[in-house]
Amino acid sequence: MTESARVIAADVTARRRSAVEIARATLAAIDTRNPTLNAFVETFSERTLAAAEIIDRRIAAGESLPLAGVPVALKDNLCLGPDLSTPGDGLGFGGRTTCASRILEHYRSPYTATAVQRLIDAGAVIVGKTNLDEFGMGSSTERSIFGPTRNPHDPTRVAGGSSGGSAAAVAAGLVPLALGSDTGGSIRQPASHCGVVGLKPTYGRVSRFGLVAYASSLDQIGPLAANVADAALALDVLVAHDPLDATSSTRVAPRWGTELNSPAAPRRVGIPRQARGPGVHPGVAATLERALERFRAVGAAIVEIDLPLTDHAIAAYYIIATAEASSNLARFDGVRYGRRAALAEGESLLDLYCRSRGEGFGDEVKRRILLGTHVLSAGYYDAYYATAQKVRRRVHDDYARAFMDCGVILSPAAPAPAFRLGEKTADPLAMYLEDVFTVGVNLAGLPAAVVPAGVVQAGGASLPVGVQLIAPAFEETRLLAAAATLEQALAA
């Protein structure tokens, strides 16, 4: 079982345990379990221990650090620069930022992502980088140059994606907190498959500076944690306006961690008609009904709502996301940074571009770049991209109407529990439909959280399943209160 980040921080602050002691135990656990799981693509060992020593000195000097000594893992699309520690101490991790792609296999960022730096400033100890689908494009963490991440509950099954390495690291008890990114469900779906809490904040709540862009209008950084309180603690640290991110919100953030001590149950919980469709696995459907019963038991009214564009949202998402990916990934050309192909004498600059990108990108990334380039091209822009943006607006409006009848929405996080490794890699459409219940949240820019809600039997395996809670934009207080209420009710 994963130890709570809150417990670790309290122990280090009270000097019952040292940050160095916890860091050593964490690195030893990773060494033991990671060869099977492949959750981590890089660990920092000596540098981690040196950073932990600094935390112990800061605590001894009387500093108050909300994440004192808490080991944290980072999805490997978050930049990690050479100055990871407090100013002036000379430490630098210098880890790679590969995005699990051949084109960035040896890339070392000159700067650190704002979200990562905020964790470090709060006393967290970064222990390593976690596996992902290449550039975040996938739902299983199988599309990675490092090989697939395996589910800790059944190593023959996927951990979900694209933040599968972070979800598996928390589920296996290797770290109490990890960062992921969520473009269409990439925090929430693996959280469900691995049985951990996954939180996707409102678009703009957490700075995206230092997150390697996939689809800039959809991407959002968020935590994966062992429980709701730990996710709230991480969000307290992560949220602040960042002038380096033009989309960063200037809204003053509440202190969610302290407000969860006695969470208020939601008065009205909406259940979409589409959440009970024929494509939902019976075990997932039963888990959803159990969660609804728990909400009823704490006094919440259950309200039937309609999100009629659920199926259309998945199509709109894969037009908008691929269009933005085509634009964002154009910078990886083999000239400015990243992999550069070797050219024969007489070959042109165009040959350099083509060969570098051809060798550097995997099949799924190439597929999405081609799709995105196509929908942005002359003669197709209005038919595809402009139409998808209109659907996006209608998806936003559908959620707004639904929230007139309820405070939060409950739905599955994924239509089925974790599937077997290799089961969907040959069928891109089947893989894309893994995100059918999550992409609408990104299109509308809403906050959502996944809470572990039960265990189902599938193919002879006992697999965790989570449910998704959705709230209006910037209503993380309401979202986390509902998530904590459900977590406590399910545990009772």
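The values are calculated or read from the model by the stated rules, or taken from the named source; none is laboratory data. No experiment lies behind these values; they were computed from the predicted model shown. Cβ coordinates were reconstructed from backbone atoms using ideal geometry, including for glycine residues, and neighbour counts include every protein chain displayed.
The rows are residues; the columns are (1) over 30 Å from Ser377 (Cβ atoms); (2) part of a helix (DSSP H, G or I); (3) of a type in the set (Val, Ile, Thr); (4) touching a helix residue (DSSP H, G or I) at 6+ places or on another chain (Cβ under 6 Å).
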residue: Pro266; (1), (2), (3), (4): yes, no, no, yes
residue: Pro278; (1), (2), (3), (4): yes, no, no, no
residue: Glu289; (1), (2), (3), (4): yes, yes, no, no
residue: Glu324; (1), (2), (3), (4): no, yes, no, no
residue: Ala330; (1), (2), (3), (4): no, yes, no, no
For this session: Select from region 348-382 the residues that are of a type in the set (Phe, Trp, Tyr) and assigned to a helix (DSSP H, G or I) and write down the one among them that is modelled with the lowest pLDDT.
Result: Tyr353
Exercise. Got a sec? Which strands (runs of 3 or more DSSP E) wholly within region 101-192 have at least 3 residues that are in contact (Cβ under 8 Å) with a residue 24 or more places away in the chain, touching a Lys or Arg at 6+ places or on another chain (Cβ under 6 Å) and of a type in the set (S, T, N, Q)?
Worked result: none
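For the structure I just gave you, tell me whether Gly204 is within 13 Å of the chain's Cα centre (by Cα) and not hydroxyl-bearing (Ser, Thr, Tyr). Can you show your working first?
Working: within 13 Å of the chain's Cα centre (by Cα): no; not hydroxyl-bearing (Ser, Thr, Tyr): yes.
Against the criterion (within 13 Å of the chain's Cα centre (by Cα) and not hydroxyl-bearing (Ser, Thr, Tyr)), Gly204 does not qualify.
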Exercise. Taking region 91-141 as the search range and keeping residues that are crowded, with 24+ Cβ neighbours inside 10 Å, within 19 Å of Leu224 (Cβ to Cβ) and of a type in the set (D, E, K, R), which one is farthest from the chain's Cα centre (by Cα)?
Worked result: Lys129
For this session: Return the total of residues in region 338-365 being surrounded by fewer than 16 Cβ atoms within 10 Å (Cβ to Cβ) and closer than 21 Å to Ser162 by Cβ.
Result: 1
Exercise. If the Cβ limit is 8 Å and pairs must be 6+ apart or interchain, which residue in region 467-491 that is part of a helix (DSSP H, G or I) pairs with which residue that is polar (S, T, N, Q)?
Worked result: Glu476/Thr202; Glu487/Asn227
Exercise. Do you know which residues across region 46-95 are at pLDDT below 95, in contact with a strand residue (DSSP E or B) (Cβ under 7 Å, 6 or more places away or on another chain), within 23 Å of Leu235 (Cα to Cα) and part of a loop (DSSP other than H, G, I, E, B)?
Worked result: Leu80, Leu84
Problem set entry | From the options Gly299, Gly283, Gly270, residue that is crowded, with 21+ Cβ neighbours inside 10 Å, modelled with pLDDT of 95 or more and either more than 23 Å from the chain's Cα centre (by Cα) or aromatic (Phe, Trp, Tyr) (or both) | Gly270
Problem set entry | Cβ pairs under 8 Å, 6+ apart, first in region 266-282 and farther than 13 Å from Thr310 by Cα and in contact (Cβ under 8 Å) with a residue 40 or more places away in the chain, second basic (Lys, Arg) and assigned to a helix (DSSP H, G or I) | Pro266/Arg478
For this session: Return a yes/no flag: does region 204-214 have any residue that is surrounded by fewer than 23 Cβ atoms within 10 Å (Cβ to Cβ) and in contact with a helix residue (DSSP H, G or I) (Cβ under 7 Å, 6 or more places away or on another chain).
Result: yes
For this session: Please specify each residue of region 436-445 satisfying the condition of being under 16 Å from Val467 (Cβ atoms) and either buried (at least 24 other Cβ atoms within 10 Å of the Cβ) or basic (Lys, Arg) (or both).
Result: Phe437, Thr438, Gly440, Val441
Exercise. Part of a loop (DSSP other than H, G, I, E, B) and either over 21 Å from Leu486 (Cβ atoms) or among the basic types (Lys, Arg) (or both) - does that describe any residue in region 427-435?
Worked result: yes
For this session: Might you check whether a residue that is touching a helix residue (DSSP H, G or I) at 6+ places or on another chain (Cβ under 8 Å), closer than 25 Å to Gly165 by Cβ, modelled with pLDDT of 95 or more and among the aromatic types (Phe, Trp, Tyr) occurs anywhere in region 27-45?
Result: yes
